[in-house]
1. Find how many whole Å separate the alpha carbon centroid of the range 76-105 from the alpha carbon centroid of the range 185-207.
2. Using only the alpha-carbon atoms of the range 84-221, report the extent along each of the three principal axes, biggest first, to the nearest angstrom.
3. Going by how many other Cβ atoms sit within 10 Å of their own, how do Leu226, Leu199, Leu105 line up, fewest first?
4. Rounded to the nearest 5, what is the percent of antiparallel bridges among the DSSP beta bridges in the chain?
5. Just want the ordering: His80, His228, from fewest to most Cβ atoms lying within 10 Å of their own Cβ.
6. Using a 10 Å cut-off around each Cβ, can you sort Val148, Val115 from fewest to most neighbouring Cβ atoms?
7. Within the chain, which is the longest segment that contains none of the trypsin sites (Lys or Arg not before Pro) sitting in a DSSP loop with at most 15 other Cβ atoms within 10 Å?
8. Would you mind working out the magnitude of the charge dipole of the chain relative to its Cα centre, with +1 at each Lys and Arg C-beta and -1 at each Asp and Glu C-beta, to the nearest 20 Debye?
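Throughout, read-outs are computed from the coordinates displayed, never taken from laboratory work. Quick caveat: nothing in here was measured; it's all calculated off a predicted structure. Every residue, glycine as well, gets a Cβ built from its backbone with ideal geometry; the counts of neighbours run over all protein chains shown.
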Amino acid sequence: MQNAAFRAAGIDARYEALEVPLERLDGALSELHAEGVLGLNLTLPLKERAWALAATRTPEAERARAVNTLRREPSGWAGHATDGLGFAAWIRELGIRLESARILLLGAGGAASSVAPVLLDLGPATVAIASRTQARAWSLAERLSGSVAVVAGGLEDDAEIARAGPFDLLLRALAAEDVSEAEARLWRTLEPRAPVLDLNYAERAARVRSRCEKEGRPFEDGLGLLLHQGAISFEFWTGRKAPLEAMREALRAAT
């Protein structure tokens, strides 16, 4: 997608994949900066550590306390969180309105932390956060305190979450590709035609897609989110408008 964007924009640059374990991130970022790399994206589980390592951060990154995009600056890396902005663009493209909706957010990691503040900006009535680690769900809920009702709990201890339903939308920000028994119990708190948006995409979202088809639920995987995140990253790196359709076509061809 990014290589297609560079070609369409006439920019002499190359986007490559690197496997960097969490314990190597500090050293890897120092090496990449010294090599003159323009920028990079980060995936789980690197986002929160990258936030701590960034020399400067955008307001979106500060709000999310997670970084998924870095841009090289002379003094170090500038950190940005495109998840939330990309999510807002994705929701607009899908035509989903969240005003006064009751939303169930599964997950409380870096991706959920980036998306959750934007959820609140879109005017829902309630956001319920459920995570495998209950303390992380509580921590995220505390950071979101404001005019929208926010409740939090664990996937295994779901009574508090269930009381906030029934939900009009499920936003799945879990790395797991399968729906566990604990997660399945929370699915039963959804309205019958509540759509499911999974931040996983392509094959990693196949099992959730299949479940939604069996239940007759509208479903979207995170490919559209990836597109809009990527476009925002491109603009952060280059200062130029992203060639969105070239990027979309590259994603379609790859999947």
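1. The two parts, judged by their Cα centres, are 17 Å apart.
2. Extents along the principal axes: 36, 33, 26 Å.
3. Leu226, Leu199, Leu105
4. Roughly 25 percent of the beta bridges in the chain run antiparallel, per DSSP.
5. Ordered by Cβ neighbours within 10 Å, fewest first: His228, His80.
6. The fewest-first ordering by Cβ neighbours comes to Val148, Val115.
7. 98-187
8. 360
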